[in-house]
Amino acid sequence: MAKEFKKEYLVKKSENFSKWYTDIILKAGLADYAPIKGCMVFRPYGYAIWENVQKFLDEEIKKAGIKNAYFPIFIPEKLLKKEKDHVQGFSPELAVVTMGGGKKLAEKLVVRPTSETIIYQMFSKWIKSWRDLPLLINQWANVVRWEKRAYLFLRTTEFLWQEGHTAHQTHDEAKLETKRALDLYIKIYKEVFSIDGFSNKKSESEKFPGALNTYTYEMLMPDNKALQGCTSHDLGQNFSKVFNIKFLNEKGKEEFVWQTCWGMSTRSIGALIMSHSDDNGLIIPPKLAPIQVVLIPVFKGGKTDGKIEKELKKIKEILNDFRVEIDDRKEYSVGWKFNDWEMKGVPLRIEIGLNELKSKKATLVRRDTGKKEVVAFSGLKSKVKKIMDSIQKELFLKSSRHLKNNTKDVSSYSEFKNIMKKEKGFLKVFWCESLGCEEKIKEETKATTRCFFSVESKKEKCIYCSKKTNNKWIFGQAY
RNA sequence: CGGGGUAUAGUGUAAUGGCUAGCACGAGUCCUUUGGGAGGAUUUAGUCCCAGUUCGAGUCUGGGUACCCCGACCA
């Protein structure tokens, strides 16, 4: 009978994916709609996840010798217009301030959609000599892009992110930095988010406006649509030439710097929610879970003599390596609490009642599998550690299986069209890298290039135009 | 921004142009409860905004706004 309880307060993931997604966010208390079009509020539980992401990222960024700084939210319109591709890429989605202090501004101020221009303006002031390089800066900030359609976490007018900006003496050094940032993101997604994906170069049309090359981590969501998790850009000298960022090298010769920039946003939390959660609510991998273990007392006959409470405190003490919360709310029944914490995606639940007190064993229930286990109080610490590691790993394996099962090699365009119409997913295909083919494919199938896959030794026909090529690319329908 | 739809209490919903806008959940108070969303008593709160038609509008008309679905844009 324990199995047959009904939960009608959440739509099924399989029945209406996007409703399920929004419902989870609202019901788990991650976020809420704000009274501004396209904007959302990060509620404490959702913000705590972002703080955990920040903690991991920030630590790694600092380890790489990069320093945090903060630049203004406003960018003079003139500055933004300096790099042609850049302004073209962003102009349709800019928020612009035209009034200040009740007066019309002489020059309009753009609310940053990204900070290249304002940061590089400062770089040009700071960089004079090879001794000033490399200049390695990171900024934690909010940015605004006036999107037409909003979707909690995945696409909101304002979002939070981290943007790294570096300047180097040589292109090789900059390329290494681009790679280092990408590797960091791959590591975070795989080890912390437990989400598998592909990472590589973006196509010409998909790359960052103003960059030479853009690298990305592309994940496959459960509805088989693709989500870009981050970007790392090799900017070459495109911006340094425009912003006049020059240095005197060791031989006394003037050169433009080589630059990179890279970012990861709160969109990652959207990927997290979609990837792991189920019909009972959120599932958060232990490394990102604001609460890793929840302790729930089970009273019987209303009499406890405070013994259960005492035991809970002891267990919390034993588990002080973990983020533990005791749910001693009297106004809710245990069943209600079980469901509540499942909705919130807490990785492990520990139940303590009279039975547990008597046997000196705790009842543990894993959120990801729902498996129940009885563990002696004395062995709790090591067991919880084991379970945390196991959940973290299992979630990744599950994500990995989904990625593998839905990434297919395809050689005929009709098959390509069919798959994109029905089950979607990632398709590995030969593509001649011409913009024409890419645009046609997008028009006819909604699929775009997600990232480069490989150079094959044998030439094959381009999936669209049949021109021979060695290059294999991954296509998918993007979020 | 184009096409379609919806808007009633905190949430989900009901109400031929007509009487005091009904129900469930929630929330507040009190009592009893706690091994998978507890029960009773009691209280609470609503027609998106602005015009119009009408003796009379939640219901009809026009405009606005928001949300949902489908496209285009996008991390």
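The values are calculated or read from the model by the stated rules, or taken from the named source; none is laboratory data. Computed from a predicted structure; not experimentally measured. Reconstructed Cβ throughout: ideal geometry from the backbone, glycine too, with neighbour counts over all protein chains shown.
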- prompt: farther than 29 Å from residue A:177 by Cα, more than 13 Å from RNA strand B (Cβ to nearest atom) and at pLDDT 85 or above: does that describe residue A:108?
  reply: yes
message: Anything in region A:340-372 that is over 19 Å from residue A:274 (Cα atoms) and within 6 Å of RNA strand B (Cβ to nearest atom)? List them, or say none.
response: A:351, A:353, A:354, A:355, A:356, A:363, A:365
message: Cβ contacts < 8 Å: first residue near RNA strand B (Cβ under 7 Å from one of its atoms), restricted to region A:145-158; second residue part of a strand (DSSP E or B) and among the β-branched types (Val, Ile, Thr), any location; separation 6+ or different chain. Result?
response: A:157/A:144
message: Give me the residue from region A:202-236 that is in contact with a Phe, Trp or Tyr (Cβ under 7 Å, 6 or more places away or on another chain) and free of Cβ contacts under 8 Å to residues at least 40 places away in the same chain and, out of that set, surrounded by the most Cβ atoms within 10 Å (Cβ to Cβ).
response: A:217
query: Only one of (1) under 28 Å from residue A:204 (Cβ atoms); (2) loosely packed, with under 14 Cβ neighbours inside 10 Å; (3) of a type outside the set (Asp, Glu) is not met by residue A:405, so which one is it?
result: (1)
- prompt: Considering only region A:354-376, how many residues are in contact (Cβ under 8 Å) with a residue 40 or more places away in the chain and in contact with a helix residue (DSSP H, G or I) (Cβ under 7 Å, 6 or more places away or on another chain)?
  reply: 4
query: in contact with a His (Cβ under 9 Å, 6 or more places away or on another chain), aliphatic (A, V, I, L, M) and crowded, with 20+ Cβ neighbours inside 10 Å, is that true of residue A:127?
result: no
query: Within region A:29-82, which residues are within 16 Å of RNA strand B (Cβ to nearest atom) and among the hydroxyl-bearing types (Ser, Thr, Tyr)?
result: A:33, A:45, A:47
query: All but one of (1) closer than 18 Å to residue A:174 by Cβ; (2) out of contact with any His (no Cβ under 6 Å at 6 or more places or on another chain); (3) more than 10 Å from RNA strand B (Cβ to nearest atom) hold for residue A:230; which doesn't?
result: (3)
message: Tell me whether region A:91-113 contains one or more residues that are small (Gly, Ala, Ser) and surrounded by 17 or more Cβ atoms within 10 Å (Cβ to Cβ).
response: no
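Yes/no matrix, rows are residues, columns are (1) in contact with a Ser or Thr (Cβ under 8 Å, 6 or more places away or on another chain); (2) in the same structural domain as residue A:368 (by TED's automatic domain parsing); (3) away from RNA strand B (no atom under 14 Å from the Cβ); (4) under 28 Å from residue A:389 (Cα atoms):
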position: A:298; (1), (2), (3), (4): no, yes, no, yes
position: A:307; (1), (2), (3), (4): no, yes, no, no
position: A:312; (1), (2), (3), (4): no, yes, no, yes
position: A:315; (1), (2), (3), (4): no, yes, no, yes
position: A:318; (1), (2), (3), (4): no, yes, yes, yes
position: A:323; (1), (2), (3), (4): no, yes, yes, yes
position: A:326; (1), (2), (3), (4): no, yes, no, yes
position: A:329; (1), (2), (3), (4): no, yes, no, no
position: A:332; (1), (2), (3), (4): no, yes, no, no
task: Give region A:366-384 a look and list any residue that's surrounded by 18 or more Cβ atoms within 10 Å (Cβ to Cβ), under 24 Å from residue A:281 (Cα atoms) and either more than 30 Å from the chain's Cα centre (by Cα) or of a type in the set (A, V, I, L, M, F, W, C) (or both), or say none.
output: A:384
task: Note down all Cβ pairs under 6 Å where the first residue falls in region A:86-115 and is of a type in the set (Asp, Glu), the second is within 16 Å of RNA strand B (Cβ to nearest atom), and they're at least six residues apart or on different chains.
output: A:93/A:145; A:93/A:146
- prompt: Quick one: would you say residue A:449 is of a type in the set (Val, Ile, Thr) and either within 15 Å of RNA strand B (Cβ to nearest atom) or in the same structural domain as residue A:192 (by TED's automatic domain parsing) (or both)?
  reply: yes
- line: Condition set β-branched (Val, Ile, Thr) and closer than 27 Å to residue A:136 by Cβ, scope region A:259-290, selection nearest to RNA strand B (Cβ to nearest atom): answer is A:266
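From the list A:59, A:77, pick out the single residue that is touching a strand residue (DSSP E or B) at 6+ places or on another chain (Cβ under 7 Å) and either free of Cβ contacts under 8 Å to residues at least 40 places away in the same chain or at positive phi (or both).
Residue meeting the stated conditions: A:77.
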message: I'd like to check something: does region A:10-19 contain any residue that is modelled with pLDDT under 80, surrounded by 15 or more Cβ atoms within 10 Å (Cβ to Cβ) and either more than 13 Å from RNA strand B (Cβ to nearest atom) or not charged (D, E, K, R) (or both)?
response: yes
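Report yes if some residue within region A:162-174 is part of a helix (DSSP H, G or I), in contact with a Ser or Thr (Cβ under 8 Å, 6 or more places away or on another chain) and under 21 Å from residue A:258 (Cβ atoms); otherwise report no. Even if it seems obvious, please write down each step before you answer.
Step one: filter region A:162-174 for residues part of a helix (DSSP H, G or I), giving A:171-174.
Remaining after also requiring in contact with a Ser or Thr (Cβ under 8 Å, 6 or more places away or on another chain): A:174.
Pick out the ones that are also under 21 Å from residue A:258 (Cβ atoms) and you get A:174.
Yes, some residue in region A:162-174 is part of a helix (DSSP H, G or I), in contact with a Ser or Thr (Cβ under 8 Å, 6 or more places away or on another chain) and under 21 Å from residue A:258 (Cβ atoms).
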